[in-house]
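Asker: Structure below; questions to follow.
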Amino acid sequence: MLVTPSWTSPEGRTLFLGAATVLISFISYFFLNLAPSKKISGKAARATRLREAFDNIEKRTSPSEKGTKNDASSSQSLKVKELWIYPIKSLRGCSVPRAMLTNEGFYLDRRFMLLKKENAGKPSNMHVSHHGSMTLFHPRILGSKILVVYRQPGTSEPSGHVLELDLEPSIDGLETLDVIMHGSPSKAYNMGSDCNSWFSERFGFDVVLAFWGGNTRLVLGNQPTKPTSSAIRNRLSQIPVVGAVFQDPQNDKIAFNDCAPYLVINQKSVDNVSTRLPDGMDMDLSKFRANIVVSSPSPTASPSLKEWDEDFWRTIEFPATNSRIILTGNCGRCPSLNVNYKTGTHAKSKEDEADGGVQVLRLLQKDRRVDKGVKYSPIFGRYGFVASGGEGQVVRVGDEVKVVEKNEEHTTFYWPELSTA
Ligand SMILES: *[C@@H]1O[C@H](CO)[C@@H](O)[C@H](O)[C@H]1NC(C)=O
């Protein structure tokens, strides 16, 4: 005879407790494995963990399989239009269908950079604003490699052989280099003579390709935990102990990104810049060197996204993974916007427009100098940091983006030596 245990019988209770124990251990196992940032100690272990997470992206559930959340909140609902990664700082970027969040920026973003060897003294950091020809180099991520193609000025065909780099080269035996960017130092690794001569031949001067090797730089400017008033912040940061209190140890490190791990821009603002260009020309948004391009979910969506809305965004959320980016400061623009990406030269006058070169920076000066922290630079886009728990999550083109927090006023950019207030 079959006995069905009832919950009040001793057998029933044992069975219930047993099942609950199994369920609880199952749930904890599942959640511990979903929180990659919590258990990592040591640079190498962390690198391995992130690499595994990255390799396994395809195996993870895609947001569409999870079903959509029905959230009736009033936050503005937008979408991810494009995602960009710049494996080698200041060269062309790679438009990608998905990218993995890490505290130091998207996985693989700005993990390499170039330095120019000087006759005397230390090598100097290369930036697209000073070396327009960096835009003639086109990196592409393929499997576990970065392939770099060079195109002669004005051409669209690759010229000469393609440079092949490991996404994560071994640093064993590599010479170390001191890199100081915007006053924030880090140790990097010299990728060696094969890579260096490939770049040197094309630039026409000696350069060094540096790899970060997991070594971070400290963020000296705006961070999620630092007060937003520049006056208070400036005073506090001059007092070392108090300044350190506002340093957020989880979220104050970057690779070779300039000032913050992420840069977010608004497609509507790109469209506004297009209207300032000569007839028939559209703004090439890759010049803004953003990581995330946000747009309206559809042209007719309401409430619709407007140009410069992003100036006031404080927190954006990707509901598909519950991850957030906290936007802390504005991006003050430099002459890199004037580089003609086809020729690698700076547009210097009206005559350059015939050739596709426009002084975009000048076109923004009139009404986009909206941050007193960088009072001489027009603002385009916002710098951001991943909120805690976001590391290891994947953002995909087409994902929903919600603006969940806004500031009432423009924030004030701060970075020692760079800011003006
Ligand atoms: C572009 O933005 C400026 C500044 O907000 C505004 O005055 C102008 O009307 C916008 N242009 C278009 C075509 O919407």
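Asker: For PHE380, are the conditions met, namely being within 16 Å of the ligand (Cβ to nearest atom) and of a type in the set (Phe, Trp, Tyr)?
Answerer: Taking the combined requirement at face value, the residue satisfies it.
Asker: Let me ask another. Among the numbered criteria (1) in a helix (DSSP H, G or I); (2) aliphatic (A, V, I, L, M); (3) at pLDDT below 95, which one does VAL358 miss?
Answerer: Tallying (1) in a helix (DSSP H, G or I); (2) aliphatic (A, V, I, L, M); (3) at pLDDT below 95, VAL358 fails exactly one: (1).
Asker: Here's something else I'd like to know. Which one is nearest to ASP399 (Cα to Cα) among residues in the range 89-110 that are in contact with a helix residue (DSSP H, G or I) (Cβ under 9 Å, 6 or more places away or on another chain) and either assigned to a strand (DSSP E or B) or small (Gly, Ala, Ser) (or both)?
Answerer: Within the range 89-110, the match that is nearest to ASP399 (Cα to Cα) is ARG98.
Conditions tested, residue by residue: (1) closer than 18 Å to ASN407 by Cα; (2) in contact with a helix residue (DSSP H, G or I) (Cβ under 7 Å, 6 or more places away or on another chain).
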{"position": "ASP282", "(1), (2)": "no, yes"}
{"position": "ARG289", "(1), (2)": "no, no"}
{"position": "ALA301", "(1), (2)": "no, no"}
{"position": "TRP308", "(1), (2)": "yes, yes"}
{"position": "SER323", "(1), (2)": "no, no"}
{"position": "LEU337", "(1), (2)": "no, yes"}
{"position": "LYS372", "(1), (2)": "yes, no"}
{"position": "PRO378", "(1), (2)": "no, yes"}
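Asker: Something else: Would you confirm, using the coordinates I've provided, whether GLU351 is surrounded by fewer than 20 Cβ atoms within 10 Å (Cβ to Cβ), free of Cβ contacts under 8 Å to residues at least 60 places away in the same chain and within 30 Å of PRO224 (Cα to Cα)?
Answerer: Here the answer is no, as GLU351 does not meet what is asked.
Asker: Name the single residue that is farthest from PHE318 (Cα to Cα) among those in the range 249-301 being within 15 Å of the ligand (Cβ to nearest atom), in contact (Cβ under 8 Å) with a residue 24 or more places away in the chain and among the polar types (S, T, N, Q).
Answerer: For the range 249-301, the residue satisfying everything is ASN272.
Asker: Just to verify a result, which residue in the range 361-376, among those that are within 16 Å of the ligand (Cβ to nearest atom) and either farther than 15 Å from ALA421 by Cα or hydroxyl-bearing (Ser, Thr, Tyr) (or both), is farthest from the chain's Cα centre (by Cα)?
Answerer: Of everything passing the filter in the range 361-376, LYS366 is farthest from the chain's Cα centre (by Cα).
Asker: Please tell me if VAL401 is assigned to a loop (DSSP other than H, G, I, E, B) and surrounded by 20 or more Cβ atoms within 10 Å (Cβ to Cβ).
Answerer: For VAL401, the condition - assigned to a loop (DSSP other than H, G, I, E, B) and surrounded by 20 or more Cβ atoms within 10 Å (Cβ to Cβ) - is not met.
Asker: Within the range 155-192, can you find the residues that are surrounded by fewer than 17 Cβ atoms within 10 Å (Cβ to Cβ) and part of a strand (DSSP E or B)?
Answerer: Across the range 155-192, the qualifying residues are PRO158, GLU164, ASP166, THR176, ASP178, ILE180, PRO185, LYS187.
Asker: Scan the range 193-225 residue by residue and report those that are part of a loop (DSSP other than H, G, I, E, B) and small (Gly, Ala, Ser).
Answerer: Correct list: GLY204, GLY213, GLY214, GLY221.
Asker: Can you tell me which residues in the range 302-330 are surrounded by fewer than 20 Cβ atoms within 10 Å (Cβ to Cβ), assigned to a loop (DSSP other than H, G, I, E, B), away from the ligand (no atom under 16 Å from the Cβ) and touching a residue at least 12 places away in the same chain (Cβ under 8 Å)?
Answerer: PRO303, PRO319, THR321, ASN322
Asker: Of the residues in the range 282-301, how many are assigned to a helix (DSSP H, G or I) and closer than 22 Å to ILE326 by Cβ?
Answerer: 1
The values are calculated or read from the model by the stated rules, or taken from the named source; none is laboratory data. For clarity, every value in this text was computed on a predicted model and none was experimentally measured. Here the Cβ is made from the backbone with ideal geometry for all residues, glycine too, and neighbour counts use every protein chain on show.
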